[in-house]
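See structure below.
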Amino acid sequence: MTDIAALNARHGGDGAIAFTQDAGGLVLAEVANAQARATLALQGAQLTTWSPAGEPPVLWLSPGAILRPGKAIRGGVPLCWPWFGAHPSEAAFPAHGFARTALWEVAETGRRADGATCIALRLPAVAEARAWWPHAFELELRVTVGTALELELVTRNTGGAAFTVGTALHAYFAVSDVRRVALHGLEGLPYLDKLDGGRRKRQSGPLTVAAELDRIYLDSAADCVIDDPGLARRIRIEKRGSRSTVVWNPWRDKAAALGDMGGDETYLGMLCVESANAADDVATVAPGGEHRLWVRYGVERD
């Protein structure tokens, strides 16, 4: 059982971080500073909310999200690790890996010179993980909450043999109406259409959404920008350590089938733009080496 009082005594720092436990039993780090507010669940090291000062939420959290230990949380920024999507050979293994439902530990907290709040979490040994993924590793997530939100997922190989990981920062972004936004930064790129048997296609112009969407864009290293006229803002997604971008919206029928989307039309308020190591972009980590996947989310207005 997590000792909330001990967490606050050790990591509460300058008062910008408060650890709590919600009614469902999830342990949360609530961050509030002059620049932004955010909520981070220790389960899965998952950001569930982030709002810069004066801004509506940038991350989308499903009103039907199941907020209980052991259940994947629909919304925010789930971590996919050490594989993305279904396991390549074992259908019974958990989708998107085991990191997103494991309980992480707080490694350190602090304040950056510009006033942003920093939290580092690490994944302790997971008993079941050896059966799913028999490698020696360390996994850390570094979170910086300020006028921008920065996440860095660090995979270290502490064993004697190389291993390969598939990863994603599976961000759900809040939008006014997904039918009226445009996603820039993927123009001209090849992509795998997972709704068409993984056929390879090519993007023409900015991406707009008018139906279910599930694509892996390849050779994608440039910034992506969600242009949202309804909220009069743009969300800029910068990244390093990734050359694949996943774009997903379940649309009406899939959303209804998922069971945790929270209503008939909630899918219209979200768009997943995921910085990933997926398809042919999986990362090989040598013994003693590491892989870093870094993102920065920022809001721009005219």
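Select from region 1-23 the residues that are of a type in the set (S, T, N, Q) and in contact with a Leu (Cβ under 9 Å, 6 or more places away or on another chain) and write down the one among them that is nearest to Ile73 (Cα to Cα). Steps first, answer last, please.
Applying the first criterion (of a type in the set (S, T, N, Q)) to region 1-23 yields 2, 8, 20-21.
Now drop any that are not in contact with a Leu (Cβ under 9 Å, 6 or more places away or on another chain), which leaves 2, 20-21.
Numbers: Thr2: 19, Thr20: 17, Gln21: 15 Å.
Checked region 1-23; the qualifying residue nearest to Ile73 (Cα to Cα) is Gln21.
Answer yes or no: is there a residue in region 151-161 that is of a type in the set (Asp, Glu), farther than 14 Å from Val247 by Cα, crowded, with 16+ Cβ neighbours inside 10 Å and touching a Phe, Trp or Tyr at 6+ places or on another chain (Cβ under 8 Å).
Here is the first cut: in region 151-161, the ones of a type in the set (Asp, Glu) are 152.
Now drop any that are not farther than 14 Å from Val247 by Cα, which leaves 152.
The next check asks that each one be crowded, with 16+ Cβ neighbours inside 10 Å; those that pass are 152.
Next, only the ones that are touching a Phe, Trp or Tyr at 6+ places or on another chain (Cβ under 8 Å) stay: 152.
Yes - at least one qualifying residue is present in region 151-161.
Is it true that Asp227 is surrounded by 14 or more Cβ atoms within 10 Å (Cβ to Cβ), acidic (Asp, Glu) and within 27 Å of Gly298 (Cβ to Cβ)?
Numbers: surrounded by 14 or more Cβ atoms within 10 Å (Cβ to Cβ): yes; acidic (Asp, Glu): yes; within 27 Å of Gly298 (Cβ to Cβ): yes.
When the stated conditions are applied, Asp227 passes them.
Of all residues in region 103-117 being among the small types (Gly, Ala, Ser) and assigned to a loop (DSSP other than H, G, I, E, B), which is nearest to the chain's Cα centre (by Cα)? Give the steps one after another, and end with the answer.
Going residue by residue through region 103-117, those that are among the small types (Gly, Ala, Ser) are 107, 110, 113, 115-116.
After this cut, where a residue has to be assigned to a loop (DSSP other than H, G, I, E, B) as well, the list is 113, 115-116.
Numbers: Ala113: 25, Gly115: 23, Ala116: 19 Å.
Among those that are among the small types (Gly, Ala, Ser) and assigned to a loop (DSSP other than H, G, I, E, B), it is Ala116.
What pairs can you find where one residue is in region 1-22 and more than 19 Å from Pro69 (Cβ to Cβ), the other is of a type in the set (Lys, Arg) and surrounded by 11 or more Cβ atoms within 10 Å (Cβ to Cβ), and their Cβ atoms are less than 7 Å apart, with a gap of 6+ or different chains?
What qualifies is Gly13/Arg111; Asp14/Arg111; Ala16/Arg111.
Could we say that Ser176 is within 24 Å of Lys254 (Cβ to Cβ), touching a strand residue (DSSP E or B) at 6+ places or on another chain (Cβ under 8 Å), surrounded by 15 or more Cβ atoms within 10 Å (Cβ to Cβ) and without any contact (Cβ under 8 Å) to a residue 60 or more places away in the chain here?
Numbers: within 24 Å of Lys254 (Cβ to Cβ): yes; touching a strand residue (DSSP E or B) at 6+ places or on another chain (Cβ under 8 Å): yes; surrounded by 15 or more Cβ atoms within 10 Å (Cβ to Cβ): yes; without any contact (Cβ under 8 Å) to a residue 60 or more places away in the chain: no.
Taking the combined requirement at face value, the residue does not satisfy it.
Residues of region 17-37 being of a type in the set (Gly, Ala, Ser) and either in contact with a Lys or Arg (Cβ under 7 Å, 6 or more places away or on another chain) or modelled with pLDDT of 95 or more (or both), which ones? Before you say what the answer is, go through the steps one by one.
If we filter region 17-37 for residues that are of a type in the set (Gly, Ala, Ser), which is where we start, we get 18, 23-25, 29, 32, 34, 36.
Residues satisfying the conditions are Ala18, Gly24, Gly25, Ala29, Ala32, Ala34, Ala36.
When you scan region 282-302, how many residues do you find that are in a strand (DSSP E or B) and of a type outside the set (Phe, Trp, Tyr)?
As a first pass, look at region 282-302 and keep what is in a strand (DSSP E or B): 283-285, 290-300.
Retained after the next criterion (residues that are of a type outside the set (Phe, Trp, Tyr)): 283-285, 290-293, 295-296, 298-300.
Result for region 282-302: 12.
Look through Ala102, Ala129 and report the one residue that is among the aliphatic types (A, V, I, L, M) and without any contact (Cβ under 8 Å) to a residue 40 or more places away in the chain. Steps first, answer last, please.
Numbers: Ala102 fails: without any contact (Cβ under 8 Å) to a residue 40 or more places away in the chain.
One residue alone meets the criteria, Ala129.
Go through (1) within 19 Å of His170 (Cβ to Cβ); (2) outside any helix (DSSP H, G or I) one by one and return the number of the condition Ala257 breaks.
Evaluating Ala257 over (1) within 19 Å of His170 (Cβ to Cβ); (2) outside any helix (DSSP H, G or I) leaves (2) as the failure.
With respect to Gly197, determine if the residue is without any contact (Cβ under 8 Å) to a residue 40 or more places away in the chain and closer than 27 Å to Trp81 by Cβ. Break it down into steps so the answer makes sense when it comes.
On the way: without any contact (Cβ under 8 Å) to a residue 40 or more places away in the chain: yes; closer than 27 Å to Trp81 by Cβ: yes.
Criteria met by Gly197.
How many residues are of a type in the set (Gly, Ala, Ser) and in contact (Cβ under 8 Å) with a residue 60 or more places away in the chain when one looks only at region 76-96?
Selection size over region 76-96: 2.
Across region 8-19, which residue is surrounded by the most Cβ atoms within 10 Å (Cβ to Cβ) among those that are assigned to a helix (DSSP H, G or I) and either of a type in the set (Lys, Arg) or more than 24 Å from the chain's Cα centre (by Cα) (or both)? Spell out the reasoning first.
Residues of region 8-19 that are assigned to a helix (DSSP H, G or I), as a first pass: 8-11.
Okay, now just the ones that are also either of a type in the set (Lys, Arg) or more than 24 Å from the chain's Cα centre (by Cα) (or both), so 8-10.
Values: Asn8: 16, Ala9: 10, Arg10: 13.
Within region 8-19, the match that is surrounded by the most Cβ atoms within 10 Å (Cβ to Cβ) is Asn8.
Which number in (1) buried (at least 21 other Cβ atoms within 10 Å of the Cβ); (2) farther than 17 Å from Ala168 by Cα marks the one condition that Glu300 misses?
Glu300 satisfies every listed condition except (1).
The values are calculated or read from the model by the stated rules, or taken from the named source; none is laboratory data. Bear in mind that the values here come from a model prediction, so they are computed numbers and not experimental data. Methodologically, a virtual Cβ is constructed for each residue, glycine included, from the backbone with ideal geometry; neighbour enumeration extends over all protein chains shown.
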